[in-house]
Amino acid sequence: MRAGLTVLGVVIGIAAVTTMVSLGQSASALVQGQFRALGTNMILVFPGHRNREGLQQAIVTLTARDAEAIAKDCPSVLATSPVIGTSGQVIYGSSNFSPREIEGVGEDFPIVRNWPTQKGEFFSERDINSANKVCVIGATIVAKLFQTVNPIGETLRIKNIPFRVVGVMQKKGANMVGQDQDNLVLLPYTTVRKRLQGSEFDNVGAIMVSARSMNAMADAQLEVDQLLSERHRIQPGQARDYVVQNTTEIANIFGAVTGTLTLMLASIAGISLVVGGVGIMNIMLVSVTERTREIGIRMAVGARSTDILRQFLVEAVLLSCIGGMIGFLLGVGASIGLVTMINSFTTGTKWTHEVSITAGCVAFAFAAAVGVFFGYYPARRASRLDPIEALRYE
């Protein structure tokens, strides 16, 4: 019982460190996964803003021709897609539904978002040029309106305009804030502009850009910025009428935040390891006092001071390492249990079970170091006892 109480502090410390680090890695993996789901090495270009009478107003200057120029003239760019958002009800037969998103996009949208179709096909460049009345829908729209009916070739109505369904996107599920990514309808951006908005202008709400690789993200962002500056005639020192955002930078910021929080929580939990080490030292000091006569007998039959030192030091390290192993197993179980509980209460993207083997190894090594550090003084005290006085000790 005394040995169990001795290692309890180390068990709690190692379990806390393992749990906190594993939860931090799970949160980081969730954030990184959500940004990867946005698309393949994606860069976003938004219209700029200007202050007018204290109000922020968007500067509508991005055009579909900008997107075409980026795809054509930027070597580090793989594909682009203009984006025009709209809203409305979707009607099929006697059923109607209001999607979360109705977006006009380009033919390379599946490449940019790394989001292929599950059924049918995506609309083509010819559909874009002709502003054809075709659409691609998400899995939620299929469940709400078509149910068991194959939607390919069926006709939807948006604002009393018929659209033929040519494809269904692969199911993505909810994002980390609980928004259903499959609750959308995709149309050619020219169709949205001309038929749903009745506009003859070439402006778009945003441009999605996909870099050729993760390593090319910085080059692609620089090329896009330089090209748009030339096309929009931005003079040196003049404010840009657009904003270029690199999703990798945002993901790295979130990763740094979660990493810092994980380190902070692990450091706080690590304090209990020091407390556990103090407990080991106190119990070992009591053990030296209780076993003084045993130490005297061992020395009387030939044990050296180094033998006594080694004996008590090994006992301290063994207690600490046993506590470390138990604590690591408890920490893994606690992290899995907490992730399961979090997933049961959330409707968004589920957390993954990330068990930090590295944290376990570091914690185990730290536990052994605690045993050596806090066990050395009691062991040294035992090894320096006078054999004659030790034999007389009652």
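Are there any chymotrypsin sites (Phe, Trp or Tyr not before Pro) in segment 111-194 that are in a DSSP loop and have at most 10 other Cβ atoms within 10 Å? List them by number. Can you show the working numbers first?
Values: sites: F122, F123, F146, F163, Y189; in loops: F122, F123.
Answer in residue order: no site qualifies.
Computed from Cα positions, the angle between helix 357-383 and the longest principal axis of the chain comes to roughly 20 degrees.
Within the chain, what's the longest stretch lacking trypsin sites (Lys or Arg not before Pro) that sit in DSSP loops with no more than 12 other Cβ atoms inside 10 Å?
Working: sites that count: R233, R304, R384.
That gives 1-232 as the longest site-free run.
Averaging 1/r over each pair of different alpha-carbon atoms in segment 83-222 and inverting the result gives 15.6 Å, the Kirkwood hydrodynamic radius. Distance check, please: which entries in K72/K172; K119/K194; K159/K194; K119/K159 exceed 23 angstrom between their Cα atoms? Violating the 23 Å Cα-Cα cut-off are K72/K172; K119/K194; K119/K159. Using just its DSSP H runs of length 4 or more, each adding -39500 (n - 2.57), the chain gives a mean residue ellipticity at 222 nm of -17500 deg cm²/dmol after division by all residues. With a Förster radius of 22 Å applied to the beta-carbon distance between E101 and V257, the computed FRET efficiency rounds to 0.20. Amide H contacts under 5 Å for A206: V83, restricted to partners 5 or more places along the chain or on a different chain, H placed in the peptide plane at 1.01 Å from N. Which values of log₁₀ I(q)/I(0), to two decimal places, follow from the Debye formula for the chain at q = 0.06, 0.07, 0.12 Å⁻¹ with a uniform point scatterer at every Cα? Here the Debye-derived log intensity ratios amount to -0.44, -0.54, -0.97. If one takes the longest principal axis of the Cα atoms in the chain, at what angle in degrees, from 0 to 90 and to the nearest 10, does the Cα axis of helix 64-73 lie? Relative to the chain, helix 64-73 is tipped by roughly 60 degrees. Compute the helix-to-body angle for 217-231: its Cα long axis versus the longest principal axis of the chain, expressed 0 to 90° and rounded to tens. Between helix and principal axis, roughly 30 degrees.
The numbers here are math on the coordinates, done by the rules we state, and not lab data. As the structure is a computational prediction, the values presented were derived from the model and not from experiment. Positions of Cβ are generated from backbone atoms using ideal geometry, with glycine treated the same way; all protein chains shown enter the neighbour counts.
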